[in-house]
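Student: Just passing along the structure, written as structure tokens.
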Amino acid sequence: MDKKKYYITTAIAYTSGKPHIGNSYEIVLADSIARFKRKEGYDVFFQTGTDEHGEKIELKAADAGITPKEFVDNVAGTIKDLWDLMDTSYDKFIRTTDTYHEKQVQKIFRRLYEQGDIYKGAYEGLYCTPCESFWTESQLVDGKCPDCGRDVTPAKEEAYFFKMSKYADRLIEHINTHPEFIQPVSRKNEMMNNFLLPGLQDLCVSRSSFKWGIPVDFDDKHVVYVWLDALTNYITGIGYDCEGNSTEQYQKLWPADLHLIGKDIIRFHTIYWPIFLMALGEPLPKQVFGHPWLLQGDGKMSKSKGNVIYADDLVDFFGVDAVRYFVLHEMPFENDGVISWELLVERLNSDLANTLGNLVNRTISMSNKYFGGVVENKGAAEAVDEDLKAVVTSALDRVKAKMEGLRVADALTEIFAVFKRCNKYIDETEPWVLAKDEAKKDRLATVLYNLVESIVIGVSLLDSYMPKTAEKVVTQLNATLRPFEELTQFGLYPSGNKVTDAPEILFARLDAKEIVEKAEAMFAARRAEAEAAAGTGEEAVESAEPVIDIEKKPEISYDDFAKLQFQVGKIIKCEEVPKSKKLLCSQVQIGSEVKQIVSGIKQHYSAEEMVGKKVMVLVNLKPATLAGVVSEGMLLCAEDADGNLALLTPEKEMPSGAEIC
């Protein structure tokens with residue numbers, strides 16, 4: 001009998017830079033689901049990869065002085081190395097620069113054009129470069145991109161458009177008749193109420209203002225819009241051909257059983273992608289799950305803040321399986337999760353070192369101490385054993401129920417309930433007391449047997465989430481990981497087996513203070529390296545001598561000036577920078593955004609008198625680190641012949657965020 005297939009994908013990672021731990025969470029989540037499904041007996045195909053085209057990459061490559069292909073080759077290699085480091089069991093790693101993918105995207109674009117779904121026009125709107133998305137004024141949130149919150153700029157260019165409204169009613173009907181299609185339900189409500197029901201606008205599906213993309217083969221001025229290119233990876237990667245020559249693999253695997261994506265790209269996957277598939281006459285994926293974000297402390301990780309945590313950083317500190325456990329356990333089903341160094345240490349010490357590691361170590365040590373490592377079931381049962389057995393043998397059903405709803409964190413909690421019950425069993429049976437009475441030797445042996453058997457069942461469930469740890473445990477117990485069909489039976493561990501002589505410490509307890517100090521030193525070194533590379537720093541900023549007749553700079557064009565963005569800001573908080581004689585660190589509200597700006601004006605203004613001032617700010621200056629503090633802009637000042645500074649302020653009352661032009 002053939003196994004039932006299960007096709008799972010992650011979003012393909014954008015190759016604009018190294019993904020942080022929040023991005024890496026997705027691949028670990030998908031891997032745990034894929035591994036679990038394999039254990040359930042499914043024929044799993046797990047695809048991931050990289051999204052490698054677009055204006056953002058073209059610009060980054062130019063800044064780096066290399067070609068876009070060289071740029072994405074480097075980043076794609078880094079991403080693949082990270083996915084491998086995290087012990088993920090993907091079956092296919094697709095790159096959108098793969099020749100077969102590019103050719104198929106060209107075929108798809110031509111077909112959609114020839115059947116009348118795509119037409120040529122011109123686009124004039126507000127463009128967000130990081131998201132590579134056009135917006136109308138009404139779609140903006142506080143004047144910013146509704147997806148990422150960054151600035152948008154006016155843009156006009158010739159483009160091809162997809163007739164989204166042609167398929168909107170069909171998509172609404174599909175969502176209403178397939179409640180499982182978009183999960184969690186809150187994501188479904190957001191898509192229906194904010195996008196579908198108000199009416200879909202036609203979608204720009206080509207660009208003509210840059211070149212780094214898949215060329216439209218019948219109009220070489222255009223490249224395919226990055227989302228039409230990227231989304232089709234889910235079918236091109238398994239052999240789709242829009243001319244009717246799709247592979248057997250495609251016929252077997254499509255439709256996908258699960259697209260696992262971040263909540264920030266849910267619109268692309270639940271509106272654009274299904275409509276593209278409808279136009280191609282292909283079935284829709286069975287489910288799209290928009291997982292929440294993993295946040296650093298009380299906000300998102302940011303390179304400008306110098307606090308970005310990468311997966312390989314955490315692996316160096318804690319090991320692969322500890323990191324896998326943390327990101328899976330700490331991410332709620334629907335709300336954002338939080339990562340911090342202190343919380344990582346707390347989880348490792350309490351759950352991994354104590355609940356699991358100490359349980360395994362105690363069980364093996366007692367087996368060696370009292371029976372030379374030999375584990376035997378002497379059949380000396382007591383009533384307390386039955387509750388242990390009930391908890392252990394029912395765990396599979398509880399874990400399956402959680403995984404069916406993609407509640408992975410809850411599934412892990414159910415598994416650790418097994419280990420906690422084992423620790424309670426030790427307290428209840430007190431093996432060290434039994435060991436003092438020769439008449440209770442058989443009872444002691446039975447207790448230790450029950451513990452070993454329970455641990456084997458528990459780590460056989462844990463294998464999908466922490467595979468290396470599970471294998472280490474059963475190796476020390478002289479056992480093997482069991483298939484799911486054996487996990488509801490108690491007593492399969494061979495009586496008379498001998499455990500290892502010297503148990504390995506699975507997870508050593510850590511000191512939170514030491515870890516935080518080590519992490520801070522790592523970030524400081526990183527900031528210093530970036531500062532040196534950028535040629536910035538406190539001395540460089542403050543070394544210019546005050547003069548009035550300054551040397552004139554070369555003339556610039558209006559286009560050069562237009563690149564600078566000046567706005568009115570209100571200082572809402574200001575503090576002295578520690579160990580600096582000249583620097584103040586201000587929190588400046590600019591519209592709905594707050595920027596941190598470091599200025600060398602401490603000798604002219606106190607921190608207290610800065611608060612409440614309306615100031616003129618250069619907003620889009622590249623972030624720099626001064627005296628270890630990140631600065632995200634510049635306050636404009638005038639300076640006299642004696643070196644006295646005066647902040648530039650609006651002559652009349654102006655709102656925070658007003659543009660200076």
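Rule-based calculations on the coordinates, nothing more; no lab input. Quantities reported herein were computed from a predicted structural model and do not represent experimental measurements. A quick note on method: Cβ atoms are made from the backbone with ideal geometry, for glycine too, and the neighbour counts reach across all protein chains shown.
Student: log₁₀ I(q)/I(0) of the chain at q = 0.10 Å⁻¹, via Debye over equal Cα point scatterers, no solvent, to two decimals?
Tutor: -1.04
Student: Which entries in Lys80/Lys252; Lys156/Lys563; Lys39/Lys389; Lys513/Lys579; Lys378/Lys441; Lys369/Lys440 show an alpha-carbon gap greater than 19 Å?
Tutor: Lys80/Lys252; Lys39/Lys389; Lys513/Lys579
Student: Here is a follow-up. Quick one: helix 408-429 against the long Cα principal axis of the chain, what's the angle to the nearest 10°, folded into 0 to 90?
Tutor: Taking the Cα atoms of the chain, the angle to 408-429 is about 40 degrees.
Student: Shifting gears a bit: Put +1 on the Cβ of every Lys and Arg and -1 on every Asp and Glu Cβ in the chain; which of Trp135, Val44, Cys637 then has its Cα farthest towards the positive end of the dipole?
Tutor: Result: Val44, furthest along the dipole toward the positive end.
Student: Could I ask something else about it? Rounded to the nearest whole Å³, what is the per residue volume of the convex hull around the Cα atoms of region 192-299?
Tutor: Spread over its residues, the Cα hull of region 192-299 gives 161 Å³ apiece.
Student: Based on other C-beta atoms within 10 Å, arrange Lys263, Lys211, Lys39 from fewest to most.
Tutor: Lys211, Lys263, Lys39
Student: Another question, if that's okay. Could you size up the charge dipole of region 340-498 around its Cα centre, putting +1 on the beta carbon of Lys and Arg and -1 on that of Asp and Glu, and report it in debye to the nearest 20?
Tutor: Dipole about the Cα centre, nearest 20: 340 debye.
Student: For Ile94, what residues show an amide H to amide H distance below 5 Å, using hydrogens built from the backbone and excluding near sequence neighbours?
Tutor: The answer is Thr48, Gly49, Thr50.
Student: Compute the semi-axes of the equivalent ellipsoid of region 558-660, taking the square root of 5 times each eigenvalue of the Cα gyration tensor, and list them largest first in whole Å.
Tutor: One finds semi-axes of 20, 16, 15 Å for region 558-660.
Student: Tell me the label-point distance for the pair Ala122, Leu59, using the 7 Å Cα-to-Cβ offset, in nm and rounded to one decimal.
Tutor: If labels sit at Ala122 and Leu59, their model points lie 2.4 nm apart.
Student: Using packing as a proxy for protection, rank 113-126, 357-370 so that the peptide with the highest average count of other Cβ atoms within 10 Å comes first.
Tutor: Listed from highest to lowest mean packing, they are 357-370, 113-126.
Student: So, one more: Just from its helices, what would the mean residue ellipticity at 222 nm be for the chain, if runs of 4 or more DSSP H residues each count -39500 (n - 2.57) and the sum is divided by every residue, rounded to the nearest 500 deg cm²/dmol?
Tutor: Rounded to the nearest 500, it is -12000 deg cm²/dmol.
Student: Of the listed peptides 5-13, 399-407, what is their order by residue-averaged count of other C-beta atoms within 10 Å, with the highest listed first?
Tutor: 5-13, 399-407
Student: Rounded to two decimals, what is the ratio between the C-alpha radius of gyration of region 356-460 and 2.2 N^0.38 Å?
Tutor: Dividing the Cα Rg of region 356-460 by 2.2 N^0.38 Å gives 1.14.
Student: How large is the Kirkwood hydrodynamic radius of region 12-107, counting all unique pairs of alpha carbons, in Å?
Tutor: Evaluated over region 12-107, this radius sits at 14.5 Å.
Student: Name the cysteines of the chain that stand alone by the Cβ rule: no other cysteine Cβ under 4.7 angstrom.
Tutor: Among the cysteines of the chain, those whose Cβ sits 4.7 Å or more from every other are Cys148, Cys204, Cys242, Cys422, Cys574, Cys585, Cys637, Cys661.
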